[in-house]
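Take a look at the structure set out below.
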Amino acid sequence: MLRTLLALLTGLVLAAMPSAPADASPAVERAQRRLNQLGCSSGPADGQMGEWTRSAVVRFQSRHRLSQTGNLNTATTRTLYGDRAHRCDVRPVPPRSGTGRRIVISQRQNWVWLVAAGGNVVGQSGMIDNPAELGTGWKRVGSYCGRAAKIRRNTATGGGLWLDNFTRFAACGIGFHRIPRYMSSGSQIHPVWMVGTNLRASHGCIRLPQQFSARLWDFGRVGTRVRVVRG
């Protein structure tokens, strides 16, 4: 009787457990777990190579100066499981990006740093940008083309989208802001886990996660220098 009851309970538990997708890959699942350990945000370790996982691979590749393919190729896999694999969410400020209090943007890494006067990094995050629209070099938070430097809730050209925590730093309409939100629903136009990748492109602005956009709003007062680099 006891054996029968145990067998029944085991069967019920197994039946309730979600089954792995038919196309799940053990190699992909292992990579997802490793990527998550390194702060690359791969999402659930389900063995499927979806867009969330590809975004994590791109973040890992950009951190290690690998070709940003989003694929678990030989070079990427070797580095991923090597002793010198670095975290994706904590990165050094690029060399030759200036000194003093500033905001640094790396277009290759799709990354932003907030650097205090003494050189300490007080915040960093992935971003979505468009290098074709934003050139490299020094910029500065301020008013351009008669438009305000800082707008808590800006609107996109053509309407329909909110650009929260908008901090302008280049002519005429380029600034930092939260990932755009639909006015109709309040939802973002793409998920947060896409930042730090080249899987999307903005119209020139720097899209940021909600919390970091608020932090940059506080840090990026009018006159704050912004350095845009390729590397």
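The values are calculated or read from the model by the stated rules, or taken from the named source; none is laboratory data. Worth saying up front: this structure is predicted, and the values here are computed from it rather than measured. A quick note on method: Cβ atoms are made from the backbone with ideal geometry, for glycine too, and the neighbour counts reach across all protein chains shown. These area figures cover heavy atoms from the full protein model, side chains too; ligands, DNA and RNA do not enter into them. Shrake-Rupley method; radii C 1.70, N 1.55, O 1.52, S 1.80 Å.
Taking interchain pairs and intrachain pairs at least six residues apart, which have beta carbon atoms under 9 angstrom, with the first residue in region 186-200 and touching a residue at least 12 places away in the same chain (Cβ under 8 Å) and the second open to solvent by 50 Å² or more (accessible area, probe 1.4 Å) and among the acidic types (Asp, Glu)?
So the pair list comes out as 191/51; 193/51; 194/51; 196/89; 199/51.
Does residue 87 fit the bill of being within 30 Å of residue 220 (Cα to Cα), touching a residue at least 60 places away in the same chain (Cβ under 8 Å), open to solvent by 50 Å² or more (accessible area, probe 1.4 Å) and assigned to a loop (DSSP other than H, G, I, E, B)?
Taking the combined requirement at face value, the residue does not satisfy it.
If you take the residues of region 96-123 that are without any contact (Cβ under 8 Å) to a residue 40 or more places away in the chain and not hydrophobic (A, V, I, L, M, F, W, C), which of them is nearest to residue 211 (Cα to Cα)? Outline the logic, then answer.
Kept after step one, since they are without any contact (Cβ under 8 Å) to a residue 40 or more places away in the chain, are these residues of region 96-123: 99, 113, 115-121.
Now restrict to residues that are not hydrophobic (A, V, I, L, M, F, W, C): 99, 118-120.
Numbers: 99: 25, 118: 24, 119: 22, 120: 20 Å.
Among residues in region 96-123 that are without any contact (Cβ under 8 Å) to a residue 40 or more places away in the chain and not hydrophobic (A, V, I, L, M, F, W, C), the one nearest to residue 211 (Cα to Cα) is 120.
For region 199-208, what are the residues that are crowded, with 21+ Cβ neighbours inside 10 Å and either of a type in the set (Gly, Ala, Ser) or part of a loop (DSSP other than H, G, I, E, B) (or both)?
Of everything in region 199-208, just one residue is crowded, with 21+ Cβ neighbours inside 10 Å and either of a type in the set (Gly, Ala, Ser) or part of a loop (DSSP other than H, G, I, E, B) (or both), namely 205.
Being on the phi > 0 side of the Ramachandran plot, of a type outside the set (D, E, K, R) and either at pLDDT below 95 or surrounded by 15 or more Cβ atoms within 10 Å (Cβ to Cβ) (or both) is true for just one of 173, 196. Which residue is that?
196
Here is a list of conditions, (1) surrounded by fewer than 20 Cβ atoms within 10 Å (Cβ to Cβ); (2) in contact with a Leu (Cβ under 9 Å, 6 or more places away or on another chain), and residue 142 meets all of them except one; can you say which number that is?
Among (1) surrounded by fewer than 20 Cβ atoms within 10 Å (Cβ to Cβ); (2) in contact with a Leu (Cβ under 9 Å, 6 or more places away or on another chain), the lone unmet condition for residue 142 is (2).
Among what's in region 216-231 and is in a strand (DSSP E or B) and aliphatic (A, V, I, L, M), pick the residue that is nearest to residue 100 (Cα to Cα).
Top of the filtered list is 226.
Condition first: modelled with pLDDT of 95 or more and on the phi > 0 side of the Ramachandran plot. Can you find one or more residues in region 211-222 that meet it?
Checked against the condition, which is being modelled with pLDDT of 95 or more and on the phi > 0 side of the Ramachandran plot, region 211-222 yields no hits at all.
List every residue pair whose Cβ atoms lie under 8 Å apart, where the two residues are 6 or more positions apart in sequence or sit on different chains, the first residue falls within region 128-156 and is farther than 29 Å from residue 55 by Cα, and the second residue, located anywhere, is open to solvent by 80 Å² or more (accessible area, probe 1.4 Å) and among the charged types (D, E, K, R).
141/221
Filter region 54-74 down to the residues that are loosely packed, with under 13 Cβ neighbours inside 10 Å and either assigned to a helix (DSSP H, G or I) or of a type in the set (Gly, Ala, Ser) (or both) and list them by number.
Our first condition is that a residue be loosely packed, with under 13 Cβ neighbours inside 10 Å; within region 54-74, this holds for 65, 67, 74.
67, 74 - these are the residues of region 54-74 that are loosely packed, with under 13 Cβ neighbours inside 10 Å and either assigned to a helix (DSSP H, G or I) or of a type in the set (Gly, Ala, Ser) (or both).
Can you find a residue that is open to solvent by 70 Å² or more (accessible area, probe 1.4 Å) and at positive phi anywhere in region 145-152?
Checking region 145-152: at least one residue is open to solvent by 70 Å² or more (accessible area, probe 1.4 Å) and at positive phi.
Sort out which residues of region 21-53 are of a type in the set (S, T, N, Q), open to solvent by 50 Å² or more (accessible area, probe 1.4 Å) and free of Cβ contacts under 8 Å to residues at least 24 places away in the same chain, and write them in order of number.
36, 37
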